[in-house]
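> Please see the structure below; I have some questions.
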Amino acid sequence: MPAGHSAPARRAAFLDRDGVLNFKHPDLYYVLTPGQLELLPGAAPGLKLLKEAGFRLFVVTNQRAVALGQLSLETLAAIHARLRRELARAGVALDAIYVCPHDEGACECRKPAPGLLLQALRDFPDVDPRASVLFGDSPSDLEAARRAGLPALQMPVNGSLESAVRSFLSASGCA
């Protein structure tokens, strides 16, 4: 590439985990074991559509159970390893997973604070936040996106990521 020119900016999809990628159980407040992680039917197809459209894929998730002593960082890593394996079976690879393990009010990374999203943007400087999007199922997800300068789409809890992505790509002219 000639001097003075930079690579074109990349787009990224920032995705909440519980209720967007995996089933948020009404009777389980937290996913505490790898066996409790159950991918939603539209998760892998939606991620695949985003990858095919050129998006990097970042999971951004609050995991307060760590701060409460209900979940160890080792078990959380095992849960995320299972998530990656399940997605790999469907032909999808995540670029990164960002986790806030802190309690409410203890940090700047717990959504609705934008810390997880800003860290991803620092780690991947080729990503253009204005050309990116966050898919979330709670007001704290949307607020984190707003504070980080990202567009956001609210999904219903346990909704179809595939449907949300198809609508987003169609509306943004990426389909």
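> Straight-line reach from LYS24: which aspartates and glutamates have a Cα under 18 Å away, not including same-chain ones fewer than 8 places off?
Candidates past the 8-residue exclusion: ASP16, GLU38, GLU86, ASP137, ASP141, GLU162.
> Order by neighbour count: PHE55, PHE124, PHE14, fewest other Cβ atoms within 10 Å first, most last.
Working: PHE55 23, PHE124 14, PHE14 28.
Arranged by neighbour count, lowest to highest, PHE55, PHE124, PHE14 become PHE124, PHE55, PHE14.
> Figure the gain on full extension for LEU32 and ALA53 (residue separation times 0.36 nm, minus the Cα-Cα span) and round it to one decimal in nm. The partial results should precede the final answer.
Numbers: separation 21, 0.36 × 21 = 7.56 nm, distance 3.29 nm.
Extra length from LEU32 to ALA53 when fully extended: 4.3 nm.
> Shifting gears a bit: What is the distance in Å between the Cα centres of segment 90-116 and segment 159-175?
Comparing the Cα centres of segment 90-116 and segment 159-175, I get a distance of 23 Å.
> Same structure again: Residue by residue through segment 9-24, which ³J(HN,Hα) values in whole Hz follow from phi under the Karplus form 6.51 cos²θ - 1.76 cosθ + 1.60 (θ = phi - 60°), with glycine and proline marked x?
Those phi angles translate into 5, 9, 9, 9, 10, 9, 10, 5, 8, 6, x, 10, 9, 10, 4, 8 Hz.
> If you don't mind, there's one more thing I want to ask. For the chain, what is the Kirkwood hydrodynamic radius in Å, using each pair of distinct C-alpha atoms?
Values: mean 1/r = 0.0611 Å⁻¹.
Hydrodynamic radius (Kirkwood, Cα only) of the chain equals 16.4 Å.
> Applying 1/(1 + (r/R0)^6) with R0 = 30 Å to the Cβ-Cβ distance of SER72 and PHE124, what FRET efficiency is obtained, to the nearest 0.05?
0.60
> Using modelled amide H (1.01 Å from N, peptide plane; none on Pro or chain starts), what sits under 5 Å from the amide H of ALA152, excluding residues fewer than 5 places away?
LEU134
> Also, quick follow-up: Please arrange LYS111, LYS48, LYS24 by counting, for each residue, the other beta carbons lying within 10 Å of its beta carbon, fewest first.
Fewest-to-most ranking of LYS111, LYS48, LYS24: LYS48, LYS24, LYS111.
FYI, it's all coordinate maths here, none of it is from the lab. Being a predicted model, the structure only gives us computed values, none of them experimental. Positions of Cβ are backbone-derived with ideal geometry, glycine not excepted, and every protein chain shown enters the neighbour counts.
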